[in-house]
Every structure is written in C-alpha cells, then in structure tokens.
Amino acid sequence: MEDAEKLKELKTLTLAVYALQAAGFFLGITWIVAVVINYVKREEVAGTWLESHFRWQIRTFWFGLLWGVIGGILALVLVGFAILFADGVWIIYRIVKGWLSLDDGKPMPV
C-alpha cells in the first residue's frame, strides 16, 4: 500500500477515535473502544504527524478517567461535582481541539 494512501486511512481512523471519544458522553463504552484502538494501532502511526494525535487521545482518556474518579469520590463532599464539571469541559476542549487540528492536517503539541 502506498504511503499516502496508508496515511489517509490512518487519518480516517484517528478521526473515528475522536468521534468515539465524543460519543463516550452518551455511550460510555465507546471511550474504551477508542483507547483500545489507540493502543492497537499506535505502532502504525509511529513517526508520522498522527502519532501526536494518538498521544493526545490516550492522555485525554487517562487524565479524564483519573479526574473523573477523583471527582466521583469527592462528590460525597460536594466539591467533586465541580471537579466532574471541569473534567467534562476539559475533555470536550481536547476532543474539539484535536479534531480541528486533525482536519487542518496539523500535529498536536507535545
């Protein structure tokens, strides 16, 4: 397969992962599907500008999960609701920023 064709397929896959992350707000399981795709296909994007998007997506998942768990635990003392809200806004920001950068053909900052 030609490199340009392969890169186009990987870009489409990266877009699908952003879509799965966005769908995760409604269907939580898609978050897990998205991060599994990231890990399974990680080697294929190594050395390309899409590698930065995979890193961005993986970090979005893990830090979002971390703050979601912390917020969930602290919801017992009410401050957790603010953390959960901030986490949700942060995740939306990362999905939108990543999606727009992908559409523009730009790598994500490291």
With respect to Ala22, determine if the residue is touching a residue at least 12 places away in the same chain (Cβ under 8 Å), open to solvent by less than 70 Å² (accessible area, probe 1.4 Å) and out of contact with any helix residue (DSSP H, G or I) (no Cβ under 7 Å at 6 or more places or on another chain). no
Output for Cβ contacts, cut-off 6 Å, separation at least six or different chains, first residue more than 13 Å from Ile95 (Cα to Cα) in the range 51-79, second open to solvent by 100 Å² or more (accessible area, probe 1.4 Å), reads Ala75/Phe81
What tally of residues in the range 58-110 results from selecting those that are open to solvent by less than 30 Å² (accessible area, probe 1.4 Å) and outside any helix (DSSP H, G or I)? 1
Residues of the range 7-51 satisfying the condition of being in contact with a Ser or Thr (Cβ under 8 Å, 6 or more places away or on another chain) and closer than 18 Å to Gly105 by Cβ: Leu7, Leu10, Val45, Leu50
For Thr12, state whether it is part of a helix (DSSP H, G or I) and surrounded by fewer than 19 Cβ atoms within 10 Å (Cβ to Cβ). yes
Those residues of the range 28-50 which are part of a helix (DSSP H, G or I), touching a residue at least 24 places away in the same chain (Cβ under 8 Å) and open to solvent by 60 Å² or more (accessible area, probe 1.4 Å), in sequence order: Lys41, Glu44
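From the set of residues in the range 34-50 that are aliphatic (A, V, I, L, M) and within 19 Å of Leu66 (Cβ to Cβ), which is farthest from the chain's Cα centre (by Cα)? Reasoning before the result, please.
Initially, the range 34-50 is screened for residues aliphatic (A, V, I, L, M), giving 34-37, 40, 45-46, 50.
Restricting the remaining residues to those that are within 19 Å of Leu66 (Cβ to Cβ) gives 34-36.
On the way: Ala34: 7, Val35: 7, Val36: 11 Å.
In this case the residue turns out to be Val36.
The values are calculated or read from the model by the stated rules, or taken from the named source; none is laboratory data. These numbers were taken from a predicted model, which means no experiment stands behind them. Note: ideal-geometry Cβ built from the backbone for every residue, glycine included; neighbour counts use all protein chains shown. We work out accessible area using only protein heavy atoms, side chains counted, and drop any ligands, DNA or RNA first. Shrake-Rupley method; radii C 1.70, N 1.55, O 1.52, S 1.80 Å.
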